[in-house]
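Asker: Would you mind keeping the following structure in view while I ask a few things?
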Amino acid sequence: MSTNPAPDLKHSTAWLLVLLILCAGNYALFRAAWAIDYFDWYRHAGPIIGLTTAIFAAAWGGMDRNTGLVAADPRQYCGACLQVAGLPILVFGGHLRHTPGAPLLDRLFALPLILIFTLGGGVWLLCIAPLQYFVFLVCGAPSRLALRSSYRVNAVMDGPRLVYLEQQVAEKAPAGFWDASLRDKPVVLASAFSAVLFMLLALLH
């Protein structure tokens, strides 16, 4: 790790400018192509975006380990987004190359779906992720707090009664207890908060 914070600050500032430029470009594109206000579109689509991200992160369990998606540092966030968009391409490409005995019908059905999924990842990377950074800057705060905390709550259901045990992260959890600290699902948590936030904004508008 570098001992000089200046280069990191410059890189983070540069990536923040990239995000702002992409947001401005999306605003111009949405206006020119569809006569839609990009920020207004995102506000209305916010609940769906948040819930879809939460579902995808929960289904693809390892995505929550990519904590850069909730990072306040734009450099870390952009790196995490590039990884999320690029990894499925690698995965599907690997499956296609290393499944020589796959039925032809499966390949015919899979190829267009993989293409749609890949294009969707590109659209997410260019049109959703830039503005999502600023949303997660707010809605990801509880996740960042939990990730930095040394506090852990382990819980278990004893019939209808909830039993919980407060511990430090380094302490071993008792058998049968589950970690209820919300530390293991930072992306799901941030996405859920963003969906709720946009739902509240829709009710207040």
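The values are calculated or read from the model by the stated rules, or taken from the named source; none is laboratory data. Just so it is clear, the structure is predicted and the values come from calculations on it, not from any experiment. We place every Cβ from the backbone using ideal geometry, glycine too, and count neighbours over all the protein chains shown. With ligands, DNA and RNA removed, areas are computed over all heavy atoms of the protein, side chains included. Shrake-Rupley method; radii C 1.70, N 1.55, O 1.52, S 1.80 Å.
Asker: Taking only protein heavy atoms and a 1.4 Å probe, what accessible area per residue, in Å², does the range 29-80 have with all protein chains in place? Don't jump to the answer; show the numbers that get you there.
Answerer: Details: 2680 Å² over 52 residues.
So the range 29-80 comes to 52 Å² accessible per residue, rounded to a whole number.
Asker: Between [x] 59, 37, 30; [y] 56, 50, 47; [z] 49, 42, 33, which entry matches Cα extents along the principal axes in Å as derived from the coordinates of this structure?
Answerer: The listed entry that was calculated here is [y].
Asker: Running a GNM on the chain with Cα contacts under 10 Å, which residue among D37, D73, D106 ends up with the highest mean-square fluctuation?
Answerer: Of the options given, D106 has the highest mean-square fluctuation.
Asker: Can you give the direction-averaged projected area of the convex hull of the alpha-carbon atoms in the range 1-106, in nm²?
Answerer: Working: hull surface 42.1 nm².
Spelled out: convex hull of the Cα atoms, projected over all directions, averaged, 10.5 nm².
Asker: Okay, next question. Rounded to the nearest Å, what's the spacing between the alpha carbon centres of the range 129-157 and the range 65-82? Just the number, please.
Answerer: Rounded to whole Å, the Cα centres lie 13 Å apart.
Asker: Once you order the gyration tensor axes a ≥ b ≥ c over the Cα atoms, which shape class does the range 78-118 get: rounded for a/c under 1.5, otherwise prolate or oblate by comparing a/b with b/c? Could you put the intermediate results ahead of the total?
Answerer: Values: a/c = 6.09, a/b = 2.07, b/c = 2.94.
Oblate.
Asker: Could you tell me what percent of the accessible area of the chain is made up of carbon and sulfur, with a 1.4 Å probe and every protein chain present? Walk me through the intermediate numbers first.
Answerer: Values: 9220 of 12770 Å².
Roughly 72 percent, rounded to a whole number.
Asker: Could you run the Karplus curve 6.51 cos²θ - 1.76 cosθ + 1.60 with θ = phi - 60° over the range 174-180 and give me ³J(HN,Hα) per residue in whole Hz, x for Gly and Pro?
Answerer: x, 4, x, 8, 10, 6, 9
Asker: Using a Gaussian network for the chain with springs between C-alpha atoms less than 10 Å apart, which of these wobbles most: R161, R65, R75?
Answerer: The residue that fluctuates most here is R161.
Asker: Classify the range 44-128 from the C-alpha gyration tensor, please: rounded if a/c falls under 1.5, else prolate or oblate depending on whether a/b exceeds b/c. Write down the numbers at each step before the final one.
Answerer: Values: a/c = 2.31, a/b = 1.81, b/c = 1.27.
Prolate shape, in that a/c is at least 1.5 and a/b is the bigger ratio.
Asker: Sticking with this structure for a sec: Residue by residue, what Karplus-based ³J(HN,Hα) values in Hz, rounded to whole numbers, does the range 192-199 have, using 6.51, -1.76 and 1.60 with θ = phi - 60° and x for Gly and Pro?
Answerer: 5, 5, 5, 4, 5, 4, 5, 5
Asker: Mind telling me which of L162, L96, L82 comes out most flexible in a GNM of the chain, alpha-carbon contacts under 10 Å?
Answerer: L162
Asker: Next up: Would you calculate the volume per residue, in Å³, of the smallest convex hull containing every Cα atom of the range 135-185? Let's see the in-between values first.
Answerer: On the way: hull volume 4.3 nm³, N = 51.
Hull volume normalised by residue count: 84 Å³.
Asker: ³J(HN,Hα) across the range 63-72 via Karplus (A = 6.51, B = -1.76, C = 1.60, θ = phi - 60°), whole Hz, x for Gly/Pro?
Answerer: The phi angles translate into 4, 5, 6, 7, 5, x, 5, 10, 6, 7 Hz.
Asker: Evaluate the distance, in nm, between pseudo-label points positioned 7 Å from the Cα of W41 and of L182 along their respective Cα→Cβ axes.
Answerer: 3.2
Asker: Here's a follow-up. Would you mind calculating the relative contact order of the range 29-126 from Cα pairs under 8 angstrom and at least 6 residues apart, reporting the percent as a whole number?
Answerer: On the way: 32 pairs, mean separation 16.4, N = 98.
Reported as a whole number, the value is 17 percent.
Asker: Let me ask something else about it. Using the Cα gyration tensor of the range 97-205, with a ≥ b ≥ c the square roots of its eigenvalues, what is the shape: rounded (a/c below 1.5), prolate (a/b larger than b/c) or oblate (neither)? Each step should come with its number before you reach the end.
Answerer: Values: a/c = 2.52, a/b = 1.44, b/c = 1.75.
Oblate, because a/c is 1.5 or more while a/b does not exceed b/c.
Asker: 222 nm [θ] for the chain, helices only, -39500 (n - 2.57) per DSSP H run of 4+, per residue, to 500? Before the final figure, lay out each step's value.
Answerer: Numbers: 7 runs with 134 residues, N = 205.
Only helices count here, giving -22500 deg cm²/dmol.
Asker: Using a 1.4 angstrom probe, figure out how much accessible area the range 108-189 has per residue, in square angstrom, rounded to the nearest whole. Walk me through the numbers on the way to the answer.
Answerer: Details: 5030 Å² over 82 residues.
Value for the range 108-189: 61 Å² per residue.
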